[in-house]
Amino acid sequence: MANILVSLTSPGGLENLQILEQPQLTPKEDEIIVRHDAIGMNFVDIYHRRGIYALPSYPAVIGVEAAGTVEAVGSAIAGLKIGDRIAYCGVPAGAYATRRALAAQRAILLPPQIDAATAASSLLKAMTAYMLLYKTYPVGTGTTVLVHAAAGGLGAILVKWAKELGATVIGTVSSEEKAELARSYGADHLIVGRDADLVGEVKFRTNGRGVDVGYDGIGGSVLAKTIDSVRPFGTVATIGQAAGPIPPVSVDQLRPGKALSHPSILAFIIDQANYREAANAAIAAMENGITAVVAGKYPLEEAARAQEFLESGRAAGSLLLIPE
């Protein structure tokens, strides 16, 4: 297997991603060396590349999620051994590489029934869904939720998990093809097309009430529409900006009594207790079939092409990078 990494020379375009040979790695006493079998792609990778979320220094290796096999362990490590199958997510970034040195406390042991592709495509998204469904707004029987991009990687997991909790799910998708996928995940209602009357459609499907909670990873002009789609004293969670920067929101837009939350899974799981709690919940969900759908696999050296496809919004599911 070739040893390479994808180096981001500086914030900017795809041309700033360079393929370099990876040096030999030796673990510190509290680290492991993991050989990646599958590397998960997320929109935060795009934000890191563009510089929307700045990295500590450059050049840098991006990527916040992967699954693989332990190849070496530091002298202070207990509970992990060479050959263990693990997954991880979070910062510091560094997953776009054949191998990496990883703080051992971030390693999540994988049960036999969860393969590397499933783990790498689903772990961070399932942990995000756990944060949104349990921490941001408690979802349960009788709750109505709005899920944007309901056929995407996070969207699929949110739809499946919300349905398991007893919620009614209204999803948005950009095409009829994606609508069929979202229906297969359990969505009760689909709003199709980027130019659809979001607020009108939501109000129609909720008898004028609005949803209890809306999850908006789209940003741009969609956020105001999401706020208007939520019932009085409901909650909006803004979790991304796939369509553009998150605009300023005035207090008056939240009348009467709506709550606006900006939860960050990367910030949430910096705390090790939160990391373990969310990871355990995510693993249990994956064992129960709540996973992302893998929409495409790319060789690691084609990371720029994979990011271009992810950025286009055409992917109906999660994308993976595979070291070869």
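Could you tally up the Lys pairs in the chain with alpha carbons closer than 26 Å? Skip any pair fewer than 8 positions apart unless they're on separate chains.
Summing the qualifying lysine pairs gives 28.
Any idea what log10 I(q)/I(0) is at q = 0.12, 0.16, 0.18, 0.20 Å⁻¹ for the stretch 125-264, Debye with uniform C-alpha scatterers and no solvent?
-0.39, -0.73, -0.95, -1.22
T26 to I322: FRET efficiency via 1/(1 + (r/R0)^6), r the Cβ-Cβ distance, R0 25 Å, to the nearest 0.05?
0.50
Can you work out the FRET efficiency for the pair F309 and L254, with r the C-beta to C-beta distance and R0 = 35 Å, to the nearest 0.05? Intermediate results must be reported in sequence, preceding the final value.
Values: r = 36 Å, r/R0 = 1.03.
Working from the Cβ atoms, E equals 0.45.
Which one, G234, S261, A282, projects farthest toward the positive side of the charge dipole computed for the chain from Cβ point charges (K/R +1, D/E -1)?
G234
Is there a quick way to get the dipole size of the chain? I mean about its Cα centre, with the Cβ of Lys and Arg at +1 and of Asp and Glu at -1; what is the value in debye to the nearest 20?
640 debye
In what sequence do S57, S264, S7, S229 fall when counting other Cβ within 10 Å, fewest first?
S57, S264, S7, S229
Out of all DSSP beta bridges in the chain, what portion is antiparallel? Express it as a percent rounded to 5.
The antiparallel proportion sits near 55 percent.
If you take the alpha carbon radius of gyration of the stretch 226-324 and divide it by 2.2 N^0.38 Å, what ratio comes out, to two decimals? Write down the numbers at each step before the final one.
Working: Rg = 17.8 Å, N = 99, 2.2 N^0.38 = 12.6 Å.
Rg over 2.2 N^0.38 Å, computed on Cα atoms: 1.41.
Note down the Stokes-Einstein diffusion coefficient of the chain in µm²/s, whole number, using a Kirkwood radius over alpha carbon pairs, 20 °C, and 1.002 mPa s. Display every interim value, and only then the final one.
Numbers: Rh = 20.1 Å.
D = 107 µm²/s.
Each reported figure results from applying straightforward, stated rules to the coordinates on display, with no laboratory input. Quantities reported herein were computed from a predicted structural model and do not represent experimental measurements. Please note: Cβ atoms are built from the backbone with ideal geometry, for glycine as well, and neighbour counts cover all protein chains shown.
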